[in-house]
Number of protein chains: 2
Amino acid sequence: MPELRKDPIVGRWVIIATERAKRPVAPRDEPVASGGLCPFCEGSEVHTPFEILAYRDRNTKPNEKGWRVRVVPNKFPALQIEGDLHKRGDGIYDRMNGVGAHEVIIECPFHEISMANLSEDNIREVLWVYRDRLVDLKKDKRLVYGMIFKNVGALAGASLEHSHSQLIVTPIVPISVQEEMDGAQEFYDYRGRCIYCDMNHQELATEKRIVLDTPSFVSFAPYASRFPFETWIVPRNHNSHFENIQKNEVDELGTVLKTILLKLETALDKPAYNYIIHTAPLDSQAVPHYHWHIEIIPRLTRVAGFEWGTGFYINPVPPEQAAAYLRQTEIDLTAPSRR
Amino acid sequence: MPELRKDPIVGRWVIIATERAKRPVAPRDEPVASGGLCPFCEGSEVHTPFEILAYRDRNTKPNEKGWRVRVVPNKFPALQIEGDLHKRGDGIYDRMNGVGAHEVIIECPFHEISMANLSEDNIREVLWVYRDRLVDLKKDKRLVYGMIFKNVGALAGASLEHSHSQLIVTPIVPISVQEEMDGAQEFYDYRGRCIYCDMNHQELATEKRIVLDTPSFVSFAPYASRFPFETWIVPRNHNSHFENIQKNEVDELGTVLKTILLKLETALDKPAYNYIIHTAPLDSQAVPHYHWHIEIIPRLTRVAGFEWGTGFYINPVPPEQAAAYLRQTEIDLTAPSRR
């Protein structure tokens, strides 16, 4: 059973996950394995654990062909769904059992390595799957946070190239999320407004960090970007929980996400990247101070090793320059997709 | 002039440093350049900016041969020493000029790429140089924090292989340091003791995470290790500021640091790594709740991209296993050093 341990100084929880040491990661900075059998491709269903959810064509059976988007447990999970938390002390330290969920969202049945090459409808279905999984896991009262993220490329921590995302659901709120919630609460207490709504407002007014401006979303390079070409997609409609997203927003977000990813891939020659959906804890009510959004972080330089460890970031590309470059980057949304 | 910008949500300051974009970093994950002219080697003094400090043999001149440890300004500085802070708002955002210092500590005149291969005396002189620089920069009232760190290997962000460390001095306290100070203060307010002293006590009592136990230092794998083989060196004597280190401690730390680095290099086949000296702000008095220490973080896996971005760490190697392995790793401290 993996274990959750708390750093006694800063309160950060860490997953000590012995199972994951067994997974087939390439050591050091070797490229992501390609070629050979891909366990995420249609026809390889037997090579993954049983599916948790799939959007399927009519008259097809679970764990067989016919799916469009498929969710399976991670074969080398960081957390396990069975058991109770058994919170306990260890001298001055605190720990609990590593109860939670670790799922893989396989985004397409064919071997496509870039989400940007999926059709807008395909991306919309992936977004609906994200929502469905969060709504389902919300029922489990042991679990309080659902973090959806994507690693693309070896530098971003991916070990398989077939386009996929991951969901880690934890019994505690991750410290980065808690810090965001606290900071946003403080701003709200002082100004009476949501900081993210304020950011949308200022970004739209000044325009210089805007990457894409659409009816329901503002996509921009944040003022204090940690990384070159860091890009946030923030809904205009105030909503603290991603799982409360509206249908018109999913429709538009499919296009926005594809556009931003295509721009990043074109401008930066298919960089490794991570995206993370920042959303309020599963067990919280809708709040006026927090605002869900997506943060996309290209992994362009090796410079960040030290910065990541200390919270002390040095970014050589001003966000105004990055945004201007991405705005000018031409892409073809009508290029043929695999579906 | 580089700019310091504050993230309005979590309060993290970021250096937007346009000068550094020009420096010769290898793109993506290419190895650190080796061969060719090394600007840090003896005889290449003309290829660095003028030295700030050097420990030299008698009758040798600044910026010529004869130095043993040498400090120069970083040629591509993240911050600049001239000018005033000019703190100002930008709508809801905050910023100030990127005033500060960015120095390189060249640890030896010959082309040695591993600090572990330097003699214990050489390492002691490097430690004295760290102290001298902090004491000197403390006089500048614009500057409040001095962060000493080392990047080794491409995966850890190094762009030159000749053994060196860096010092970044900032006009604000980095958020990771502030969080540590706050967490330690909270513990002190509640329990009336220093959390680091308590950790030393518990680690020595249980022994299972100890890597090395010497008269003045406790070296251990921390309970909530974020990374495999993460190792902390904590002085037994309570002291919040590294620059107040005693002579007997420097003498011993030379041996302890060489031992730990040799063990990590032997056990993990010369991994990329970072170390960071965690110390209290330059402008603060000695405090009872904070305790300077060194954190060494090997960069073994590519898995951490996502974790570093979110504060949500998954560590596949329990610290008890890592410590046991390092304890058993035999090294030869008497192997010939270059000096």
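The values are calculated or read from the model by the stated rules, or taken from the named source; none is laboratory data. A quick note: this is a predicted structure, and the numbers were derived from the prediction, not measured. In this analysis, Cβ positions are derived from the backbone assuming ideal geometry, glycine residues included, and neighbour counts consider all displayed protein chains.
Observations, loosely collected:
- Members of the stretch A:251-272 found to be among the charged types (D, E, K, R) and either buried (at least 23 other Cβ atoms within 10 Å of the Cβ) or not in a helix (DSSP H, G or I) (or both), listed by number: A:Lys263, A:Asp269, A:Lys270
- A:Pro336 falls short on exactly one of the conditions (1) more than 14 Å from chain B (Cβ to nearest Cβ); (2) in contact (Cβ under 8 Å) with a residue 24 or more places away in the chain; (3) surrounded by fewer than 21 Cβ atoms within 10 Å (Cβ to Cβ), and that condition is (2).
- Residue in the stretch A:204-213 that is more than 9 Å from every other protein chain (Cβ to nearest Cβ), in contact (Cβ under 8 Å) with a residue 40 or more places away in the chain and surrounded by 21 or more Cβ atoms within 10 Å (Cβ to Cβ) present: yes
- Residue tally, condition touching a strand residue (DSSP E or B) at 6+ places or on another chain (Cβ under 6 Å), farther than 16 Å from A:Gly183 by Cβ and part of a loop (DSSP other than H, G, I, E, B), over the stretch A:273-295: 1
- For the stretch A:226-249, the criterion of a residue being in contact with a Leu (Cβ under 7 Å, 6 or more places away or on another chain) and within 16 Å of A:Arg131 (Cα to Cα) is satisfied by at least one position.
- One residue stands out among those in the stretch B:144-185 that are part of a helix (DSSP H, G or I) and at pLDDT below 90: the one that is nearest to the chain's Cα centre (by Cα), which is B:Ala156.
- Qualifying residue in the stretch B:228-246 (condition: surrounded by 19 or more Cβ atoms within 10 Å (Cβ to Cβ), over 19 Å from the mean Cα position of the chain (by Cα) and of a type in the set (A, V, I, L, M, F, W, C)): no
- In the stretch B:200-229, the residues that are part of a helix (DSSP H, G or I), in contact with a strand residue (DSSP E or B) (Cβ under 7 Å, 6 or more places away or on another chain) and not polar (S, T, N, Q): B:Glu203, B:Leu204
- Exactly one residue out of B:Pro288, B:Pro222, B:Pro228, B:Pro271 is in contact (Cβ under 8 Å) with a residue 12 or more places away in the chain and more than 10 Å from chain A (Cβ to nearest Cβ), and it is B:Pro288.
- Unique match (being in the same structural domain as A:Ile210 (by TED's automatic domain parsing), surrounded by 23 or more Cβ atoms within 10 Å (Cβ to Cβ) and under 24 Å from A:Arg12 (Cβ atoms)) among A:Ala280, A:Ala221: A:Ala280
- Scanning the stretch A:38-92 for residues that are under 24 Å from A:Asp140 (Cβ atoms) and β-branched (Val, Ile, Thr) yields A:Thr48, A:Ile52, A:Val69, A:Val71, A:Val72, A:Ile81.
- Hey, A:Ser114 under 23 Å from A:Lys65 (Cβ atoms), small (Gly, Ala, Ser) and crowded, with 23+ Cβ neighbours inside 10 Å or not: no
- Per-region count, the stretch A:186-199, residues in a loop (DSSP other than H, G, I, E, B) and surrounded by fewer than 19 Cβ atoms within 10 Å (Cβ to Cβ): 2
- Residue match in the stretch B:230-238 (condition: assigned to a loop (DSSP other than H, G, I, E, B), among the acidic types (Asp, Glu) and within 22 Å of A:Ile92 (Cβ to Cβ)): yes
- You will find that of B:Ile314, B:Ile296, B:Ile331, the residue that is within 11 Å of chain A (Cβ to nearest Cβ) and in contact (Cβ under 8 Å) with a residue 40 or more places away in the chain is B:Ile296 and no other.
- Only one entry in B:Asn239, B:Asn248 is under 28 Å from B:Thr170 (Cβ atoms) and away from chain A (no Cβ under 14 Å), namely B:Asn239.
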